[in-house]
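Note sheet for the following structure.
Where a number appears in this text, it was derived from the coordinates with a stated rule and is not lab data. Note that the structure is predicted; figures quoted are calculated from it, not measured. Ideal geometry is used to build each Cβ from the backbone, glycine not excepted, and the neighbour counts take in all protein chains shown.
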Amino acid sequence: MELYNYGRSSASFRVRIALELKGLTYDYRSVDLVGGEQFGEAFGALSSVPLVPLLVDGDARIAQSMAIIEYLDETHPEPPLLPGSALERARIRSLALDIACEIHPLNNLRVLRHLVREMGVTEAAKDTWYRHWVEQGLAAVDRRLAGEPQTGRFCHGETPTLADCLLVPQIFNARRMDCQLDHVPTVMRVFDACMALPAFQRAQPSACPDFKP
């Protein structure tokens, strides 16, 4: 397998976590989002959408991080990232979507660049925008984790799931942008439990070959 991704991309980070949790080997293909490599001919020949991550598995090309992770879970079912009953799997997906749909789209690189370049928003105002949506979104996730009995050491139970694959990269982004996190103690407890595992450590941006401090 080949993973076209970028070290600082949180969506790419999600997939790297899943690959590490499942013990799968892959070739790391760096796509420099800041330098615009995703718009180049080489990447365009692989994907009609200038976004990472992109997983190439034989003849298959799969975009979108959650679709990739579910593909990996179906083709390499151990350990399961969507375990349990239909209702349990729905909860895990719901928690993941709280991040993938309610937080991340408002703060990805394309949106932030548009705010500054096309709408004339100052860097300070852009950062305020970023922090608002991340802090508000994580507060909603924290309420769920703190109030729902299915929460365990991790987002759902005692082993990492799809939800944890999404939560951890969002916290990395929040810290990088100096977001407040003292209002989300359950989120941070789960984050710390995840980061104690070697799979999460190996997948983090600083462990990537294209990492730039």
(message) Kirkwood Rh and Cα-based Rg: tell me the resulting Rg over Rh for the range 115-207, rounded to two decimals.
(response) 1.04
(message) Taking the Cα centre as origin and putting +1 on Lys and Arg beta-carbons and -1 on Asp and Glu beta-carbons, what dipole magnitude results for the range 2-79, to the nearest 20 debye?
(response) 260 debye
(request) Could you point to the residue in C101, M188, F200 farthest towards the positive end of the range 86-200's charge dipole, with +1 and -1 charges on the Cβ of Lys/Arg and Asp/Glu respectively? (result) C101
(message) Report the gain in length on full extension from T25 to T128: 0.36 nm times residue separation, minus Cα-Cα distance, nm rounded to one decimal.
(response) 33.2 nm
(request) Using +1 at the Cβ of each Lys and Arg and -1 at the Cβ of each Asp and Glu in the chain, identify which of G152, Q136, S12 lies farthest towards the dipole's positive end. (result) Q136
(request) Give, rounded to the nearest 20 debye, the magnitude of the charge dipole that the chain has about its Cα centre when Lys and Arg contribute +1 at Cβ and Asp and Glu contribute -1 at Cβ. (result) 380 debye
(request) Mind checking the full-extension length gain between E2 and Q136? Use 0.36 nm per residue of separation minus the Cα-Cα distance, one decimal, nm. (result) 44.7 nm
(message) Step by step: find N for the range 2-79, compute 2.2 N^0.38 Å, then divide the Cα radius of gyration by it. What's the final number?
(response) 1.04
(message) Under a crude label model (7 Å from the Cα following the beta-carbon direction), how far is E78 from A207 in nanometres?
(response) 2.2 nm
(message) What are the extents of the Cα atoms of the range 32-148 along their three principal axes, in Å, largest first?
(response) 48, 43, 16
(request) For the chain, count the residues as N, evaluate 2.2 N^0.38 Å, and divide the Cα radius of gyration by that value, please. (result) 1.00
(request) Enumerate the residues in the range 44-87 having an amide nitrogen under 16 Å from the point lying 7 Å beyond the Cα of E148 toward its Cβ. (result) 81-87
(request) In debye, nearest 20, what is the charge dipole magnitude of the range 98-202 about its Cα centre with +1 on Lys and Arg Cβ and -1 on Asp and Glu Cβ, if you could check? (result) 280 debye
